[in-house]
Amino acid sequence: MYHSRAAVSLLLVFAVMINGSQYLQSRIIASGGCDSYTCGANARCTMSEGRPVCSCFNLHMGDPLARCIRVECLINDDCPYNRVCTNNRCVDPCVGLCGVNANCETRNHIGTCQCLPGHDGDPFSGCRIADPQAACKPSPCGENTQCEVINQVPVCTCLPGYRGSPLAGCRHECENDSECPQHLACSSSFRCESPCKCGENAECQVVNHQAKCTCPKTWVGNAYVACRPECTTHSECPAAKSACLYQKCINPCDGVCGVNADCNLRDITPVCSCPRHMTGNPFVSCRLFEPRDLCEPNPCGTNAICTPGHDNTGRERPVCTCPTGYIGNALSSCQRGECFTDSDCPDNRACIDFTCSNPCTGRECGPSATCTPRHHIAVCTCPQGTRGDALYTCNPIESKSVYNYGRAYRYRYY
């Protein structure tokens, strides 16, 4: 250390204050190189015009020949943008800078004071509450308008019930119905409003600005007071209209049965029927009885034919007969006959009442004649030992008897 300092021919010594302490700061004015001289702590040696110079590092202060101490800042640029360098420290410039009701913002190391929203005055001494409607005093708006300050800007609007330009002036929305749409009317407050003021549950229809109130279909009541359903249960309906259908009392028989038909109720269920003196489909039409109705439906047996007729008293009744070619009881069943003609039967049978029967029934020949069925007919002959007309009588043959040819007797037995 001695030999280094010996190389310095002259020192200029001066005192500086760092954070309240006194340090000696020297500057080399004699010649000598940095290789033969060592500066103090946190100092560096540089050559200037061939002479060594000791200086503190950046952001350091003190005696570069002895010791340099680090500081926070030397100038404002050493601090963040929102701090200022005061006494080698970066401090908030807003501390104690602004008055009451003022905000402080730091920009480029400079504190700026502004009054809080809704306040005015000197932000460095103090701000007071401002009149929120100051921008509307006096009002820049036209007649029949209202002025409102929004974001410190006056905004003009027409008063309720008025329309037009708020800056030039507003007028009533309407003076008469013609200035309103068809479904609205000009009210007493000069506004286009619905004219509907109907009763509870009523329906409203606006025609040419006029309201027409009606109760819903099937409902009753005063449409301008209140509407209600005619009924909600069957018990609320009168006897003549005993059914509650879609909230309306109706006669269940209305429009159900056919022409001339009777309708009777079972509880509320309609039952259709034709009167006793009439017939037909009760759901379509009923008419007076006709003779043909005796056979509709057919009361006779299977395959039998029904025709209108009369009984022994002259009263109309159906008459049942078997059709041609059929036999049997027409009241129960008719069956197809055995034959239609004699050719349908064997040689010794004839077609009698559609049945192949013996043509000799005992009534075809005389009482003493013989009947033989042949070729479908009865053949009458007198037995051997007799003679005569076999259709009437056969007489025994006697050789000595006198035959009276002038007289003939014919007998027919039935």
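The values are calculated or read from the model by the stated rules, or taken from the named source; none is laboratory data. Treat the numbers as computed from the prediction; the structure is a model and nothing was measured. Here Cβ is always computed from backbone atoms with ideal geometry, including for glycine, and neighbour counts include all displayed protein chains.
Restricting region 100-149 to residues that are outside any strand (DSSP E or B) and of a type in the set (Asp, Glu), the residue that is modelled with the lowest pLDDT is Asp131.
Return yes or no: is Leu97 farther than 29 Å from Ala211 by Cα, over 58 Å from the mean Cα position of the chain (by Cα), outside any strand (DSSP E or B) and aliphatic (A, V, I, L, M)? Yes.
Can you say whether Lys217 is closer than 24 Å to Pro270 by Cβ, free of Cβ contacts under 8 Å to residues at least 40 places away in the same chain and surrounded by 14 or more Cβ atoms within 10 Å (Cβ to Cβ), as far as the supplied structure shows? Working first, answer last.
Values: closer than 24 Å to Pro270 by Cβ: yes; free of Cβ contacts under 8 Å to residues at least 40 places away in the same chain: yes; surrounded by 14 or more Cβ atoms within 10 Å (Cβ to Cβ): no.
So Lys217 fails the test.
Considering only residues in region 50-92 that are hydroxyl-bearing (Ser, Thr, Tyr) and closer than 24 Å to Thr106 by Cβ, the one that is modelled with the highest pLDDT turns out to be Thr86.
Against the definition (touching a Gly at 6+ places or on another chain (Cβ under 8 Å) and either more than 22 Å from Ser242 (Cβ to Cβ) or touching a residue at least 12 places away in the same chain (Cβ under 8 Å) (or both)), how does Cys295 come out, yes or no?
Working: touching a Gly at 6+ places or on another chain (Cβ under 8 Å): no; either more than 22 Å from Ser242 (Cβ to Cβ) or touching a residue at least 12 places away in the same chain (Cβ under 8 Å) (or both): yes.
No.
Gln114 fulfils the conditions (1) free of Cβ contacts under 8 Å to residues at least 12 places away in the same chain; (2) in the same structural domain as Arg128 (by TED's automatic domain parsing); (3) among the polar types (S, T, N, Q) except for a single criterion, (1). Of the residues in region 329-336, not one is surrounded by fewer than 11 Cβ atoms within 10 Å (Cβ to Cβ), among the hydroxyl-bearing types (Ser, Thr, Tyr), out of contact with any Ser or Thr (no Cβ under 6 Å at 6 or more places or on another chain) and more than 30 Å from Ala239 (Cβ to Cβ). Total residues in region 246-265 satisfying the condition of being outside any loop (DSSP other than H, G, I, E, B) and surrounded by 15 or more Cβ atoms within 10 Å (Cβ to Cβ): the figure is 5. Total residues in region 161-189 satisfying the condition of being assigned to a loop (DSSP other than H, G, I, E, B) and more than 22 Å from Ala135 (Cα to Cα): the figure is 13.
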